[in-house]
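The values are calculated or read from the model by the stated rules, or taken from the named source; none is laboratory data. The model shown is predicted, which means the values in this text are computed figures rather than measured ones. Cβ placement follows ideal geometry from the backbone for every residue including glycine, while neighbour counts extend to all protein chains displayed.
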C-alpha cells in the first residue's frame, strides 16, 4: 500500500509540475526514501531534513523554541511548523513532516505510538494525530503510510483548486519560463544558479 501511495504522489506532483520536501523526526528519512524508491521521483523530490533532535528542529526547520519549551517535540503544532519550515527552506510546493514516539517506551510523557504528521501546501497546512501500535519498525512504517495517504488526499483536492495551479513556488520547469522572459530584457550580470534551479533544469521535461 505504501508503494502504491508513493507512486500516486509522484504521479500527481509530476502532472502538476510541483515539488516536495520532507522534514522528518521519528521516521529519520524513511518518507524521503520511500518517495525516492518510486521511478521518476527525482523530478519532484527536492530533498529532506532529518530533524531528530529538538535543536535541529529549531535551527534547520524554524520550529519556535518557545513552542518546544511549552509542548515538547511530540505535538501537532510542531509537526505543522516542521512541514511549513521545510517547505520554505527548500523552496518546495509541498512540505511534509513527522514527529512522534516510536518506542519502545514513552518519551516526553507521551506513550509509544503517539505520532503527528503534517502536510503544508498551496492551500494551507493540515496535521493529523495518530495512535499507532507495534514495535519501532511497525510504528515508523505506519507513520509513512498515514502521511502519504494524507498527502494524496491533499493533492487530489489541489487538482480541483486554482490555488494549486497558480502557486508557482517550487514548480518544475519554472526556470525555463523565466529564461524565456529574461531573453527579451537587456543583458545583466548573471547570478549564481541555486541548487533548486539546477535540480529543475536537470529534470526539465523529464
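Descriptive notes on the structure:
- Residue match in the range 55-78 (condition: within 26 Å of residue 161 (Cα to Cα) and surrounded by 19 or more Cβ atoms within 10 Å (Cβ to Cβ)): no
- Looking only at residues in the range 37-58 that are outside any strand (DSSP E or B) and within 15 Å of the chain's Cα centre (by Cα), the one that is nearest to residue 141 (Cα to Cα) is 51.
- Within the range 129-149, the set of residues being assigned to a loop (DSSP other than H, G, I, E, B) and loosely packed, with under 14 Cβ neighbours inside 10 Å comprises 133, 135.
- Residue 61 vs. criteria free of Cβ contacts under 8 Å to residues at least 60 places away in the same chain and either farther than 22 Å from residue 10 by Cα or within 10 Å of the chain's Cα centre (by Cα) (or both): yes
- Residue in the range 17-36 that is modelled with pLDDT of 95 or more, in a helix (DSSP H, G or I) and either more than 21 Å from residue 146 (Cβ to Cβ) or not assigned by TED's automatic domain parsing to the domain that holds residue 141 (or both) present: no
- Any chance residue 151 is modelled with pLDDT of 95 or more and either outside the structural domain of residue 7 (by TED's automatic domain parsing) or in contact with a strand residue (DSSP E or B) (Cβ under 6 Å, 6 or more places away or on another chain) (or both): yes
- Among the criteria (1) out of contact with any helix residue (DSSP H, G or I) (no Cβ under 6 Å at 6 or more places or on another chain); (2) over 21 Å from residue 8 (Cβ atoms); (3) part of a strand (DSSP E or B), the one residue 126 does not fulfil is (2).
- Just one residue in the set 41, 51, 28, 107 is in contact (Cβ under 8 Å) with a residue 12 or more places away in the chain and crowded, with 24+ Cβ neighbours inside 10 Å; that residue is 51.
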